[in-house]
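A.B. asks: Pasting a structure here, questions to come.
The values are calculated or read from the model by the stated rules, or taken from the named source; none is laboratory data. Given the structure is predicted, the values throughout are model-derived calculations rather than measurements. Note: ideal-geometry Cβ built from the backbone for every residue, glycine included; neighbour counts use all protein chains shown.
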Amino acid sequence: MTGQVLEAFSGAGPLEVGSCANCNLLWFGQSGSISLTPRAVLGLFQYIGQAAGAAKATLASTFHCPLCAGELALTYDLQRSTRFTYWRCANDRGQLFTFNQFLREKNFIRSPSQAELTKLRDTVRQISCSQCGGPIDLTTDTACTHCGAPVALIDPDGVAKAVHDLTIGNASTSPTTQEQNSVAFSNAQLDAFFDQERIEEREGTHDLLAIGVTAIGALIGGMLLTR
């Protein structure tokens, strides 16, 4: 993994994070991802978007802590109404997240609306599961038949809220600005989904989360530079 130090809330100190684009994994130090500031969360969101094109490796069935070598325990958790999983060190040395589950923990994922699902069925037809990579036939299924993960999109409202949280105290920040950001994120994601050149080039291998996070992450990059 590539190591980096990210900004954490006061009292937690800098947070050590390891990342692997090929495995779609993030390793968080002792205080965990919950201590990340909005800027750090959005920075990782952008990194996930940039890593979307990397060749993917098959995940192992078990993982070990890079600090104490103990086996990591699969852990089920709940953030508001969103369920997510990660692997936890029994000695509280850190947590291992897939990109997908990190996005879930931060409430950046939602189910597609019926209108969106209908358009995807008419235009894309088949996608790849963002969790295991298996094929999903949208004409018959709304979840992966291999791992059970439901079809999901990036939630532009959740991302816009994170941008808003980053800019609290800025006089130019308002509920209207947050709504405008949400609309811009939504449009960027939908434009990427239904880009005809992309559809023809990647027939049957569309990862909706990867496409959405890449499109929205590009917009976030410009916003982070101004704050």
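A.B. asks: Filter segment 52-82 down to the residues that are touching an Asp or Glu at 6+ places or on another chain (Cβ under 9 Å) and exposed (fewer than 12 other Cβ atoms within 10 Å of the Cβ) and list them by number.
C.D. replies: Thr62 - this is the single residue of segment 52-82 that is touching an Asp or Glu at 6+ places or on another chain (Cβ under 9 Å) and exposed (fewer than 12 other Cβ atoms within 10 Å of the Cβ).
A.B. asks: So how many residues does segment 164-188 have that are more than 15 Å from the chain's Cα centre (by Cα), modelled with pLDDT of 90 or more and hydrophobic (A, V, I, L, M, F, W, C)?
C.D. replies: 3
A.B. asks: Mind checking which residues of segment 24-51 are surrounded by fewer than 17 Cβ atoms within 10 Å (Cβ to Cβ) and among the hydrophobic types (A, V, I, L, M, F, W, C)?
C.D. replies: Ile34
A.B. asks: Pick out, from segment 91-142, the strands (runs of 3 or more DSSP E) lying fully within it that include 1 or more residues that are outside the structural domain of Leu74 (by TED's automatic domain parsing), closer than 23 Å to Gly158 by Cβ and of a type in the set (S, T, N, Q).
C.D. replies: Those strands (runs of 3 or more DSSP E) span 126-128.
A.B. asks: Still on this structure, please answer the following. For segment 52-79, name all the residues that are in a loop (DSSP other than H, G, I, E, B) and either within 21 Å of Gly148 (Cα to Cα) or in contact with a Leu (Cβ under 8 Å, 6 or more places away or on another chain) (or both).
C.D. replies: Matches in segment 52-79: Lys56, Ala57, Thr58, Leu59, Ala60, Ser61, Thr62, Phe63, Cys65, Leu72.
A.B. asks: Under 15 Å from the mean Cα position of the chain (by Cα) and buried (at least 16 other Cβ atoms within 10 Å of the Cβ): is that true of Ala8 in this structure?
C.D. replies: Considered against the rule, which asks whether it is under 15 Å from the mean Cα position of the chain (by Cα) and buried (at least 16 other Cβ atoms within 10 Å of the Cβ), Ala8 comes out as no.
A.B. asks: Determine whether Ile127 is closer than 23 Å to Gly18 by Cα, touching a residue at least 60 places away in the same chain (Cβ under 8 Å), buried (at least 20 other Cβ atoms within 10 Å of the Cβ) and β-branched (Val, Ile, Thr).
C.D. replies: No.
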